[in-house]
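Report on one structure; see the data block that follows.
Every read-out reported here was derived from the displayed coordinates using simple, explicitly stated rules and does not represent laboratory data. Just so it is clear, the structure is predicted and the values come from calculations on it, not from any experiment. Cβ placement follows ideal geometry from the backbone for every residue including glycine, while neighbour counts extend to all protein chains displayed.
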Amino acid sequence: MSFQALSGQAGLRRALTGKLAAGTVSHALLFCGPPGSGKKSWGLALARVLLCSGPEKAEPCGRCRSCRQFQSGQHPALFHLQPQGHRLGIDQIRRIRSKFYLGDGNRVCLIEEAEQMTPEACASLLKILEEPPSGLYFILLTGRPQRLPGTIVSRCQRFTLQPLSNAEIMELLSRQKGLSPGKALLVSRLSKGLPGLALRLSEDSSFEEQLTEAAEIVFNLAGGAQSSREILSLAEELVDREDLLFFLELIYLVCRDGLLYLLCGNESLLIDPVQARRWEGVASPFELEEAMALLQKAVQELSTTNVNRRLTLEGTLLQLQRRFALCPR
């Protein structure tokens, strides 16, 4: 893993290579971004550079003993922490803390989902950050930096990963997965600029079927042909899906495509132009805006609160059909 092998993030790339070349990398770095944004890949790439004993400062040499150990996944100076269950406890830090002070070369501690550290783990880490031993670097990865104590964040060089463009996602999919241009374009539009999500979708042969299924559900609701009992039965079928949030986002994207198509007719902006054309005479832009707001609210509640999933889904589907029926065309 090296910076050259990673896609996009031009600003992050310039910042890291510049600091590495100048020798001004902080002993603590914080990489922020949603799941799938590439935080772990960039963190590992930086760790490999910091541990490399070759002459280059901004890229790993790929030839030294450290690079070979890193490639094998057995580097003794790389400490990798991640939550056990939903928490990252102080015992996990205590088990490796003594190793932070051993050896003459660089050591790197990579902490995934750093926001899951317990208060005790945060306090233990803070003590080390206040007086770090020479050659020790911490790389913290988080999708929710607001959940980390300000005392830790203030001691880190902070970098936020940006969504990649469709072109960058397509290049990644072509290079790593050999996808055709058409398939790569569809995946890039569904990925929301997240390379990790794009790579997962490229390996999932069912997501196109899911998109078609999502479209049929929303068009049935828009047509008003389903009874309340049928909608409640549909909610019961959907609520146990492991991919429920992603599926609701697919329904949202079907509505979003329809809105863009009805407003501007520019098919280059659409995920699925064929489905978008079906909205002609079925719904108005106002209805689709209302539907998207309802779906966005449901996804937000289901992902961030402990609401009753079935009741939330039932209410959302019933409201969707009623909005389609009541809003003027």
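See the values below:
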{"item": "Set LYS177/LYS297; LYS99/LYS127; LYS19/LYS177; LYS40/LYS297 screened for pairs whose C-alpha atoms are more than 25 Å apart", "result": "LYS177/LYS297; LYS19/LYS177; LYS40/LYS297"}
{"item": "Summed side-chain charge close to GLU236 - residues other than GLU236 whose Cβ falls under 13 Å, Lys, Arg +1, Asp, Glu -1", "result": "0"}
{"item": "Using a Förster distance of 35 Å, the FRET efficiency for SER53-THR304 (Cβ separation, nearest 0.05)", "result": "0.20"}
{"item": "Folded to 0 to 90 degrees: helix 166-177 orientation relative to the chain principal axis, Cα", "result": "70"}
{"item": "Charged-residue dipole, Cβ positions (Lys, Arg, Asp, Glu), the chain about Cα centre, Debye nearest 20", "result": "1580"}
{"item": "Whole-Å semi-axes of the ellipsoid equivalent to region 1-106 (Cα gyration tensor, √5λ, descending)", "result": "23, 19, 13"}
{"item": "Calculated FRET value between THR17 and SER227, using beta carbons and R₀ = 41 Å, to 0.05", "result": "0.10"}
{"item": "Nearest-ten-degree value, helix 285-304 long axis tilted from longest Cα axis of the chain", "result": "40"}
{"item": "Region 118-180 and region 46-110: distance between their alpha carbon centers, rounded to Å", "result": "15"}
{"item": "Within a Gaussian network of the chain (alpha carbon springs, distance under 10 Å), most fluctuating of LEU234, LEU197, LEU125", "result": "LEU234"}
{"item": "Cα gyration tensor shape for region 203-329, rounded if a/c is under 1.5, else prolate or oblate", "result": "oblate"}
{"item": "Between 0 and 90°, nearest 10: helix 207-223 axis offset from the chain longest Cα axis", "result": "40"}
{"item": "Label selected from (i) 1.03; (ii) 0.98; (iii) 1.19, the criterion being Cα Rg over 2.2 N^0.38 Å as computed here", "result": "(iii)"}
